[in-house]
Amino acid sequence: MAVSAGRLERRADAVYDTPMRYEGGCHCGAIRLAFETEKPLAPRACQCAFCRRHAARSVSDPDGTAILTCAVEPSRYRFASRSADYLICPRCGIYVGAMTELEGRDLITINLNAFDDPHPGLEGTPVSYEGEAAETKAARRLGRWTPVRLARR
């Protein structure tokens, strides 16, 4: 940790000694999520119309783990390149994250706003993937998104 202006700050590339566990889900509780990572949360704010309208701040860690537990089947919305499912609770309408399957693995990027503690002070770094080629998109997701296990309740 570095000391700056009289306060402690974590470096963006820091690694925690033990995994941090974050939990969350949709508003009605039909979809729950758990996310473990050894890295600090570093949200991204995608600039596409869907993410902007949801004020989404996405977090992921390719070395982390995620579990998505569903009492109902999430609504799956696909748009643009149709290469990921945007998961929305069919009961309360909360967007919890985007999921894709690549190289036989399910991967997810999670909407930080769906966490039980949404860390309101963490602003997302604006990113734009507009015009990204399919191969580039797949490689980016393989390198950034979190492996996810799906469970039913």
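The values are calculated or read from the model by the stated rules, or taken from the named source; none is laboratory data. On a predicted model such as this, the values are computed, not experimentally measured, just so you know. Note that we place each Cβ from the backbone using ideal geometry, even for glycine, and neighbour counts take in every protein chain shown.
Summary of values
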{"quantity": "Cβ pairs under 6 Å, 6+ apart, first in segment 27-40 and closer than 12 Å to Ala71 by Cα, second among the hydrophobic types (A, V, I, L, M, F, W, C) and outside any loop (DSSP other than H, G, I, E, B)", "calculated": "Ile31/Cys70; Ile31/Val96; Leu33/Leu68"}
{"quantity": "Pairs, first in a loop (DSSP other than H, G, I, E, B) in segment 82-106, second charged (D, E, K, R), C-beta under 8 Å, six or more apart", "calculated": "Ser83/Lys137; Ala84/Arg78; Ala84/Arg141; Pro90/Glu73"}
{"quantity": "Selection from segment 119-153 of residues that are on the phi > 0 side of the Ramachandran plot and touching a residue at least 24 places away in the same chain (Cβ under 8 Å)", "calculated": "His119"}
{"quantity": "Residue within segment 46-55 that is surrounded by 14 or more Cβ atoms within 10 Å (Cβ to Cβ), at pLDDT 95 or above, among the polar types (S, T, N, Q) and over 12 Å from Asn111 (Cα atoms) present", "calculated": "no"}
